[in-house]
Amino acid sequence: MKSYDKTLNSFEQTEQFAADVAGQVTAPCSIALQGDLGAGKTTFARGFLQALGHKGKVKSPTYTIIEPYILADLYINHFDLYRLGDPDELELMGADEMFNEHSINLIEWPEQGEGWLPAMDLWLKIKHLEQGRHFSLVAGSDKGQAILSKLGK
């Protein structure tokens with residue numbers, strides 16, 4: 001599968017990268033955000049949401065597990081599955097309704113929902129470096145491939 005890689009050195013660069021990605025994404029789309037604690041997953045989500053017009057705060061949904069955002073006719077659901085005990089808890093929360101043709105889903109700690117979550121269109125893998133962070137976007141579907149192709153131009 002194709003990938004798109006960047007090394008970034010600041011929150012501002014991370015938010016701009018997220019805005020660049022958001023500019024190429026249309027619903028429906030699911031994006032897995034992977035990285036250690038403090039890697040920049042929520043910073044990416046903030047930049048993504050702000051690029052699509054969200055004006056308020058963007059906090060990590062560590063305790064709520066899901067933070068929904070409604071922007072015109074677009075639904076963006078920010079998941080943080082770090083504290084999820086069992087993937088089936090997502091169904092009890094009604095998360096299955098959040099995966100529809102009008103939704104973009106940003107999913108932190110997707111491995112916690114393995115077996116329940118649908119296939120991801122993109123996987124964002126973030127690694128700490130001595131200076132900055134390395135971001136690697138990997139396509140998980142044809143839609144993901146098309147997004148990466150647009151980013152690479």
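Only the coordinates and a few stated rules stand behind these numbers; no lab work does. On a predicted model such as this, the values are computed, not experimentally measured, just so you know. We place every Cβ from the backbone using ideal geometry, glycine too, and count neighbours over all the protein chains shown.
For the chain, just list the percent of Cα-Cα distances falling in each 10 Å bin from zero outward, please.
11, 45, 37, 7, 0
Over 20 Å between Cα atoms: which of 41/127; 55/143; 59/150; 57/143; 2/143; 55/127 fall into that group?
Values: 41/127 10 Å; 55/143 27 Å; 59/150 29 Å; 57/143 29 Å; 2/143 12 Å; 55/127 28 Å.
Over 20 Å apart, Cα to Cα: 55/143; 59/150; 57/143; 55/127.
If one computes the Cα centroid of the range 1-46 and of the range 87-106, what distance in Å separates the two points?
First find each Cα centre; the distance between them is then 20 Å.
Residue-wise, which Karplus ³J(HN,Hα) couplings in Hz belong to the range 108-117, taking 6.51 cos²θ - 1.76 cosθ + 1.60, θ = phi - 60°, and x for glycine or proline?
Computed from phi, the couplings for the range 108-117 are 7, 6, x, 4, 6, x, 4, x, 10, 5 Hz.
Highest mean first, what order results for 90-101, 30-41 on Cβ atoms within 10 Å? Walk me through the numbers before you get to the answer.
Details: 90-101: 13.3, 30-41: 19.8.
Ranking, from highest mean packing down: 30-41, 90-101.
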